[in-house]
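The values are calculated or read from the model by the stated rules, or taken from the named source; none is laboratory data. Please read these numbers as outputs of a predicted model, since none were measured by experiment. Methodologically, a virtual Cβ is constructed for each residue, glycine included, from the backbone with ideal geometry; neighbour enumeration extends over all protein chains shown. Note: areas computed on protein heavy atoms with side chains; ligands, DNA, RNA excluded. Shrake-Rupley method; radii C 1.70, N 1.55, O 1.52, S 1.80 Å.
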Amino acid sequence: MSVFKALIEAVIKGDIKTAVAETQQALDAGSNVQDILSKGLIATMDEVGERFSKGLIFIPQMLRSAKTMQECMKLLEPLFQEGDVTSKGKVLIGTVKGDLHDIGKNLVSMMMEGAGFTVTDLGVDVPPEKFVQKAQEVGPDIVAMSALLSTTMPAMPQTIEALQKAGVRDKVKVMIGGAPVTEKYAHQIAADSYASDAGSAVSKAKKLLGIS
Ligand code: B1M
């Protein structure tokens, strides 16, 4: 049985108060932050997704669990800081057009910031033209796109094409990720990098920019 049983149950129920208290208690008890995240919070969202697929829960419950997870993540965020104040590079990140899922994207954003990148987060449902406009404005080293729906994945190549048309593509590296996205898909759409999770997104970003 998981040591995070009470936390898991609270996230499934969408009980924010208990989930936040359980997260704090796990931290106080010296639990590893990565464990709280992966075994307590992320694994629970997989369970929530399965219950949704089986028709056991519906959108409002899924939304409540998502909100609960995000409140717990606020406690973990400061613990991801590496303490290096020099910016490692600029990252422009967003969830692609038509897609409202932002927990994974927020996690990537949080870990990137913690690792010393300067992150501009465009939020969710970001159309290609918004990526282009903001890229022209902030001059990022990396444009990072997240998608959680197989139906919104095509917005990734559309965004790459828009960057190309605006003459921005050659000035940035493009990284993609999200549950339905694969390394193969990244090759297929000529993205520069794919990461399966927030931790590897950081190491891949460093690799893209030649930082150790
Ligand atoms: Co939705 N949803 N949802 N949902 N939802 C999924 C994704 C789904 C798999 C559930 C299911 O059916 N089993 C399914 C998608 C099926 C598919 O297309 N393959 C689904 C569906 C169908 C839908 C709707 C269409 C439901 C409906 O309306 N009938 C609808 C679509 C709305 C829209 O976007 N237009 C919808 C809505 C929602 C809510 C709004 C209720 C809510 C989102 C709230 C929010 O995000 N603020 C929600 C939720 C919570 C989920 C599940 C349960 C959890 C997602 C999550 O946050 N996971 C999800 C089931 C699941 O994923 N198991 C599901 C935790 C998060 C940490 O993981 O986002 O994968 P993830 O991020 C990972 C990696 O993917 C990676 O790093 C993170 C981990 O470290 N990563 C990157 C992510 N982005 C990256 C970018 C990178 C690199 C790595 O580089 C740039």
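Relative contact order for the chain: what is it in percent, counting Cα pairs under 8 Å that are at least 6 residues apart? Kindly include the intermediate steps, with their values, before the conclusion.
On the way: 340 pairs, mean separation 34.2, N = 212.
Reported relative contact order: 16 percent.
Based on C-alpha pairs under 8 angstrom that are at least 6 apart in sequence, segment 97-167 has a relative contact order of 41 percent.
Each label was represented as a point 7 Å from its Cα along the Cα-to-Cβ direction; for LYS67 and VAL138 these points are 2.7 nm apart. Other residues whose C-beta falls under 15 angstrom from the C-beta of LYS171 contribute a net charge of +1, scoring Lys and Arg +1 and Asp and Glu -1. If you roll a 1.4 angstrom probe over the protein chains with everything in place, what fraction of the accessible area of the chain belongs to carbon and sulfur, to the nearest %? Answer for the chain is 54 percent, counting heavy atoms of protein chains only. In plain terms, the chain from GLN81 to SER200 could stretch by 41.3 nm, reckoned as 0.36 nm per residue minus the Cα-Cα distance. Using a probe of 1.4 angstrom and keeping all protein chains present, the accessible surface of the chain works out to 51 square angstrom per residue. For segment 1-57, pairs of C-alpha atoms spaced more than 20 angstrom apart make up 21 percent of the total.
Here are some pairs, LYS67/LYS171; LYS54/LYS74; LYS5/LYS184; LYS54/LYS207; LYS165/LYS207; LYS105/LYS171; which of them have Cα atoms lying more than 28 Å apart in this structure?
Values: LYS67/LYS171 36 Å; LYS54/LYS74 30 Å; LYS5/LYS184 36 Å; LYS54/LYS207 40 Å; LYS165/LYS207 26 Å; LYS105/LYS171 23 Å.
Table pairs above 28 Å Cα-Cα are LYS67/LYS171; LYS54/LYS74; LYS5/LYS184; LYS54/LYS207.
Please report the orientation-averaged projected area of the chain, defined via the convex hull of its C-alpha atoms, in nm².
Working: hull surface 48.5 nm².
With the hull built on Cα positions only, its mean projection is 12.1 nm².
Its residues counted as N, segment 38-134 yields a C-alpha radius of gyration over 2.2 N^0.38 Å of 1.23.
Which three numbers, in whole Å and largest first, are the semi-axes of the equivalent ellipsoid of segment 100-209 derived from its Cα gyration tensor as √(5λ)? Can you show the working numbers first?
Details: eigenvalues 63, 54, 38 Å².
Semi-axes (√(5λ), whole Å): 18, 16, 14.
Helical runs assigned H by DSSP (4 residues or longer) give the chain a calculated mean residue ellipticity at 222 nm of -14500 deg cm²/dmol, each run adding -39500 (n - 2.57) before division by the residue total.
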